[in-house]
Each structure stands twice: as structure tokens, then as C-alpha cells.
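A short worksheet on the structure shown next.
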């Protein structure tokens, strides 16, 4: 007859929780009455929070809004965190420039040239601002869709019934 060796420490540690779990009687866990109002609150907040999250996602996905947010963040960093430093003015300057570009950038047209020659460097900047769009004007995306629709629509031939009217 073979003698069994005593269990090692790791085997004893693994067996202890199993033995304790088997010794405990399993009781039914009833739902706590306090948990029901919390579940109702979560259910009532789910739809508005989801709508708010979608709104934030669509708003931040627009390039102008992202540019303004980054510009404002740079202005705040420059004025609140990096005060009295060499980097304060450049950070605030870039932040202000980003906010201005987001504000008027869609209306700004122009050219920029930088030339090097024997006499040195030449710098030329021409900027033109378009008039702001009127409230009733179609957006550029709408115009592109209209042009594509008109190009795809066949025109009636001459001499058809519509010409005789």
C-alpha cells in the first residue's frame, strides 16, 4: 500500500476556498428594494444621456468646432498653466490665431507667397473676405448636390409635347 504525501501549500490554498464554498448553503439572493429606484433612475437617464452624447459627437466632429476647442484650450493653457514663461506668448498667440481662423476661415480666400532671391526674401500675402452667407442661401454642399442632380436629369428633346405648350 502506497502512502499519500501530504498536500503542498499551493494545493492546500486552492482546496480551501472550494471546501468553504461547498460548506456554505446557497441562499436565494432577492433583489434589494433600494436597487429598484436606482435601476429606474438609470433607465430614465439613459435616453437623454445618449442623445446628449450623440449631439456632442456630431458637434465635435465638425472641423470649425474642433479648431475652436483646441484654440481655447491653448489660450487657457497659456494663461493659466504656463504663465511667466518663454512659451506663454507663442501658446496664447497660436490659440488666438486658431479661434480667429475657425471664426472667419470659411470666408477667407487669398494667396501666400514667399520668394528667395539675390536681394533676400520676399513675402506676399493677399487675403479676400467673402460676404457672410444670407440665412436663405443654400449651403455649398446643397449646391453640389443640385448640380449633380441637374447633370443626371435628362432634358426633353426638341419637338416633344412640352415644347408645343
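The values are calculated or read from the model by the stated rules, or taken from the named source; none is laboratory data. Since we're looking at a predicted model, the values are computed, not measured. Cβ sites come from the backbone with ideal geometry, for glycine too, and all protein chains shown count toward neighbours.
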**OP:** Output the residues belonging to segment 31-64 that are surrounded by 10 or more Cβ atoms within 10 Å (Cβ to Cβ) and at pLDDT below 80.
**Re:** 36, 38, 39, 40, 41, 42
Subject >> Selection status of residue 149, modelled with pLDDT of 90 or more and either part of a helix (DSSP H, G or I) or loosely packed, with under 11 Cβ neighbours inside 10 Å (or both) >> reply: no
Original post:
Are any residues in segment 79-130 over 26 Å from the mean Cα position of the chain (by Cα) and touching a residue at least 24 places away in the same chain (Cβ under 8 Å), and if so, which ones?
Top reply: 129
**OP:** Please verify whether segment 67-81 includes one or more residues that are in contact with a helix residue (DSSP H, G or I) (Cβ under 7 Å, 6 or more places away or on another chain), outside any helix (DSSP H, G or I), surrounded by 12 or more Cβ atoms within 10 Å (Cβ to Cβ) and modelled with pLDDT of 85 or more.
**Re:** no
